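The values are calculated or read from the model by the stated rules, or taken from the named source; none is laboratory data. Treat the numbers as computed from the prediction; the structure is a model and nothing was measured. Backbone-built Cβ (ideal geometry, glycine too); neighbour counts: all protein chains shown.
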Amino acid sequence: MPSYPAAYQSTKGSALDVDRDFYQALADGERQLKQQYRVPIRSGFAWEVPAGHLFRITTPEGPQVGDLNIWNRHNPRERMWAARTRQLQRAHLSTFDRLWSNLPFLRPIATITADSLADYGIDEHGGRIHDLLGTRCDPYVNKLLTGEDFDFHCHSNLTRAVQPYGLTEFDVHDVLNVFQCTGLNAEDKYFMKSCRRRPVTTSNSSPKSICCARSPPVRAAICLWRCGATKRRTRCLFVARWALRSGGRTRRCWPTGGAGFAGLPR
């Protein structure tokens, strides 16, 4: 099938044009480890990332995917917008892709600075890594499809993780499925595959203070309805946060989005 031009094009100097040298310098620069976290299986975890810091997610115990939510720490009404990120960047993210926030803010809330699976490309089924097509598994769809109650879905785990920050179930939003391999089949239906079977990492830089929450799906290496997975096959995720020694060089200010239209009060 021939390729068709993307709806949103990144031209030199446009808002979608990424300064790759800048972000590569952040990825390669000296840093000081501030915190390390181990995210247990069947759980979620929330952590803060001050403006200008880096955080990295790894799977040293083996393949495991996780669902990532991001909010502005000082105004959680601003949060990652999966659908618009999918349009402005692409449906599967990698190095130098940005995560964009929702309206009326519309600005990068984080930028990917490293990805050890960047060479995965497209597999024989059309699958790609780090998915924005799907969303978190949840107990409501599970009840709808199976008639069973189960309270350790990603939606449930994320909800519990952010409660100490004053957030609720209504704040949990569509996710970035980190390390998840997905695609659309010949019937244009969503599919999920087992994630890459080697330790992997992804690193992000934030231009503002953010709050992140992460949940490892509990159904084997992916959150898959038909998998019949067990606790034994779910692995822990690890999160690390660094402060960059480059100081002010890491700060790049983005204004909020447009002034609003259609007479909407601001």
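The table for this structure:
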read-out: Segment 140-173, subset of a type in the set (D, E, K, R) and in contact with a Lys or Arg (Cβ under 8 Å, 6 or more places away or on another chain), residue farthest from Asn75 (Cα to Cα); value: Asp149
read-out: Cβ-Cβ under 7 Å pairs, at least 6 apart or on other chains, segment 228-251 side more than 20 Å from Trp47 (Cβ to Cβ), far side modelled with pLDDT of 80 or more and part of a strand (DSSP E or B); value: Arg245/Arg31; Arg245/Gln32
read-out: Residues (within 20 Å of Lys193 (Cβ to Cβ), in contact with a Pro (Cβ under 7 Å, 6 or more places away or on another chain) and outside any loop (DSSP other than H, G, I, E, B)) located in segment 41-75; value: Gly66, Asp67
read-out: Those residues of segment 37-56 which are over 18 Å from the mean Cα position of the chain (by Cα) and modelled with pLDDT of 90 or more, in sequence order; value: none
read-out: Tabulated pairs, segment 189-206, first farther than 15 Å from Gly62 by Cα and buried (at least 23 other Cβ atoms within 10 Å of the Cβ), second among the aromatic types (Phe, Trp, Tyr) and at pLDDT 70 or above, C-beta under 9 angstrom, 6+ apart or interchain; value: Asn204/Phe55; Ser205/Tyr23; Ser205/Phe55; Ser206/Phe55
read-out: Any chance Arg42 is in contact with a helix residue (DSSP H, G or I) (Cβ under 9 Å, 6 or more places away or on another chain) and either surrounded by 15 or more Cβ atoms within 10 Å (Cβ to Cβ) or more than 20 Å from Gln87 (Cβ to Cβ) (or both); value: yes
read-out: Selection count where residues are under 14 Å from Asp138 (Cβ atoms) and surrounded by fewer than 16 Cβ atoms within 10 Å (Cβ to Cβ), scope segment 159-180; value: 2
read-out: Sole residue being acidic (Asp, Glu) and modelled with pLDDT under 95, chosen from Glu187, Glu148; value: Glu148
read-out: Leading residue by the ranking (surrounded by the most Cβ atoms within 10 Å (Cβ to Cβ)) among those in segment 17-36 that are touching a Ser or Thr at 6+ places or on another chain (Cβ under 7 Å) and either farther than 22 Å from Arg84 by Cα or modelled with pLDDT under 90 (or both); value: Leu26
read-out: Flag if Asp21 is without any contact (Cβ under 8 Å) to a residue 24 or more places away in the chain, part of a helix (DSSP H, G or I) and either within 20 Å of Gln89 (Cα to Cα) or of a type in the set (D, E, K, R) (or both); value: yes
read-out: Count - residues of segment 60-69 that are touching a Phe, Trp or Tyr at 6+ places or on another chain (Cβ under 9 Å) and either within 23 Å of Val172 (Cα to Cα) or modelled with pLDDT of 90 or more (or both); value: 3
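Let's see how each residue does on (1) of a type in the set (D, E, K, R); (2) in contact with a strand residue (DSSP E or B) (Cβ under 8 Å, 6 or more places away or on another chain); (3) more than 21 Å from Ala7 (Cα to Cα); (4) touching a residue at least 24 places away in the same chain (Cβ under 8 Å):
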residue: Gln87; (1), (2), (3), (4): no, no, no, yes
residue: Arg98; (1), (2), (3), (4): yes, yes, no, yes
residue: Asn102; (1), (2), (3), (4): no, yes, no, yes
residue: Leu106; (1), (2), (3), (4): no, yes, no, yes
residue: Gly121; (1), (2), (3), (4): no, yes, yes, no
